[in-house]
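Asker: Structure in structure tokens, see below.
The values are calculated or read from the model by the stated rules, or taken from the named source; none is laboratory data. Computed from a predicted structure; not experimentally measured. Positions of Cβ are backbone-derived with ideal geometry, glycine not excepted, and every protein chain shown enters the neighbour counts.
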Amino acid sequence: MHARPFRLPSALVCLALAAAPLHAQGIMGRLKDKAKQIQKKTEHAIDSTIDQKPAAKAPNGSAVVKPVADVKPADASAGSSAPDASAASAPPGQGAWLNYDFVPGDSVLYFEDFADDAVGDLPKHLDVTHGNVTVVDIGGKKYLRTVTGGDATITLPAPLPERFTIEVTFHRRGGNGMGLFLYLGRGTPQQLALRCDAEGRASIEGHGASGTKESGERNPAVGPDDFETCRYMVDGGYVKAYVNEMRVGQLNGLTIARTPTIKVDLANADQNGALVTDIRIAAGGRKLWDALSTSGRASTHGILFATGSATLRPESTPTLKEIGDLLKAHPDVRLAIEGHTDDVGDAASNQTLSEQRAAAVKTFLVSSYGVDAGRLQTRGFGASKPVAPNTTPEGRQQNRRVELVKL
């Protein structure tokens, strides 16, 4: 439930999922082969440059990267969605967000913002297998950073389900033109590759009965100074890719391996390095009405707020629309809207914030969908009703939520 906008110079985002070795004739294969060639030529020179520059020290004595003057730190995400530059450009349901249909999964399988990692160390929840990859702190926000490029592996608690979503925030400047790759099920006959490139260009490459399929385009709203958020929604063999508020690609009829591991590849960059944060992988859930009609309660991570406030984020559009539509379709239904937080911060402040956020959802539904205010109650519980331990990043993400309860 926390998502905040931020900007950095020369944004470049690339995300890929693959379920088998990429063929050289595909877009991903050709670009990746070229990236590896350039990376090998530059790694030694970049490593030498790094070795010659003493690292600054954080208060705990760990090395910290000193950003260039025009680098601005990213804000932590609130809830499920990582921040992006265009997020504050319009309120929910307006502007480009009107046709935005990404809904994050409601069961968090993996979340990493590197908040629990020491600056200068390797990340605890990523198995780094290649390259110079460390955690850095810029303006109080932590990132995974590399200049040389590197490889790592995400291990999930179970194989990915039929429906899942992936979100990641990434910035990269200079280097070989590549960015961040995620490979799913490498070495299997099924294959899926999703990538997001410089200034909002993204594409999907996968395999179906007819052979290799490709889809993608550019989000023209993304500028060279924007920090981008890539989002991917997978449902069976149907895949959609988004850059910020725009859907930039979709394919169906794909065969996709579901494995418990995802390979992360970062290409090299210039002295600013490639920066990654707020990686979220979640299993997709049932429609809100299905959950309400069977159990009387539905939980959602699709309603997002600016950090530390009750201001609704525009990425909330699809979930708010779903709630508004179900209230119109079922005029006799009355709901309690409940706000919940994790246990980070002051308990009293969390309690107040949860109450304000529940009220903000009600106000939006009344003003935007004409819902009778008498059909909606609001409640705030702060961190008093966790659904997962607050001791892990995944647990804290799971606890930041809005719940709907039939009255």
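Asker: In the list Ala373, Ala306, which residue meets the criterion of being closer than 23 Å to Asn244 by Cβ and either buried (at least 16 other Cβ atoms within 10 Å of the Cβ) or at pLDDT 95 or above (or both)? Step through it out loud before you land on a result.
Answerer: On the way: Ala373 fails: closer than 23 Å to Asn244 by Cβ.
Of the residues listed, the single one that is closer than 23 Å to Asn244 by Cβ and either buried (at least 16 other Cβ atoms within 10 Å of the Cβ) or at pLDDT 95 or above (or both) is Ala306.
Asker: Could you please let me know if Ser349 is free of Cβ contacts under 8 Å to residues at least 24 places away in the same chain and either part of a helix (DSSP H, G or I) or farther than 25 Å from Asp116 by Cβ (or both)?
Answerer: For Ser349, the condition - free of Cβ contacts under 8 Å to residues at least 24 places away in the same chain and either part of a helix (DSSP H, G or I) or farther than 25 Å from Asp116 by Cβ (or both) - is met.
Residue-by-condition table, conditions (1) closer than 21 Å to Pro91 by Cα; (2) at pLDDT below 95; (3) in contact with a Phe, Trp or Tyr (Cβ under 7 Å, 6 or more places away or on another chain); (4) not polar (S, T, N, Q):
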| site | (1), (2), (3), (4) |
| --- | --- |
| Gln351 | no, no, no, no |
| Tyr369 | yes, yes, no, yes |
| Arg379 | no, no, no, yes |
| Pro386 | no, no, no, yes |
| Thr391 | no, yes, no, no |
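Asker: Yes or no: Ile154 assigned to a strand (DSSP E or B) and either surrounded by fewer than 23 Cβ atoms within 10 Å (Cβ to Cβ) or among the charged types (D, E, K, R) (or both)?
Answerer: Yes; evaluated as a whole, the condition is true for this residue.
Asker: Return the total of residues in region 292-322 being within 17 Å of Leu404 (Cα to Cα), in a helix (DSSP H, G or I), of a type outside the set (A, V, I, L, M, F, W, C) and out of contact with any strand residue (DSSP E or B) (no Cβ under 6 Å at 6 or more places or on another chain).
Answerer: 8
Residues are listed down the side, and each one gets a yes or a no for (1) part of a loop (DSSP other than H, G, I, E, B); (2) surrounded by fewer than 24 Cβ atoms within 10 Å (Cβ to Cβ); (3) modelled with pLDDT of 90 or more:
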| residue | (1), (2), (3) |
| --- | --- |
| Ala88 | no, yes, no |
| Pro92 | yes, yes, no |
| Trp97 | no, yes, no |
| Asp116 | yes, yes, yes |
| Asp121 | yes, yes, yes |
| Val128 | no, yes, yes |
| Leu144 | no, no, yes |
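Asker: Okay, next question. Out of everything in region 265-294 that is without any contact (Cβ under 8 Å) to a residue 40 or more places away in the chain and within 21 Å of the chain's Cα centre (by Cα), what residue ends up being surrounded by the fewest Cβ atoms within 10 Å (Cβ to Cβ)?
Answerer: Lys287
Asker: Within region 310-319, track down each residue that is surrounded by fewer than 21 Cβ atoms within 10 Å (Cβ to Cβ) and either free of Cβ contacts under 8 Å to residues at least 24 places away in the same chain or under 13 Å from Phe364 (Cβ atoms) (or both).
Answerer: At the first step, the residues of region 310-319 found to be surrounded by fewer than 21 Cβ atoms within 10 Å (Cβ to Cβ) are 310-311, 318.
Correct list: Ala310, Thr311.
Asker: Can you tell me which residues in region 170-217 are at pLDDT 80 or above, part of a loop (DSSP other than H, G, I, E, B) and within 17 Å of Val234 (Cα to Cα)?
Answerer: Matches in region 170-217: Gln190 only.
Asker: Where residues in region 250-291 are touching a helix residue (DSSP H, G or I) at 6+ places or on another chain (Cβ under 6 Å) and not in a helix (DSSP H, G or I), which of them is modelled with the lowest pLDDT? Break it down into steps so the answer makes sense when it comes.
Answerer: We begin by selecting, within region 250-291, every residue touching a helix residue (DSSP H, G or I) at 6+ places or on another chain (Cβ under 6 Å); these are 267-268, 288-289.
Adding the requirement that they be not in a helix (DSSP H, G or I) leaves 267-268.
Values: Ala267: 77, Asn268: 80.
Taking the candidates together, the pick is Ala267.
Asker: Scan region 243-264 and tell me whether some residue there is closer than 13 Å to Thr165 by Cβ, touching a residue at least 12 places away in the same chain (Cβ under 8 Å) and under 13 Å from the mean Cα position of the chain (by Cα).
Answerer: no
Asker: Among the residues of region 218-236, is there at least one that is part of a strand (DSSP E or B), surrounded by fewer than 24 Cβ atoms within 10 Å (Cβ to Cβ) and in contact with a Leu (Cβ under 8 Å, 6 or more places away or on another chain)?
Answerer: The answer is no, given that none of the residues of region 218-236 is part of a strand (DSSP E or B), surrounded by fewer than 24 Cβ atoms within 10 Å (Cβ to Cβ) and in contact with a Leu (Cβ under 8 Å, 6 or more places away or on another chain).
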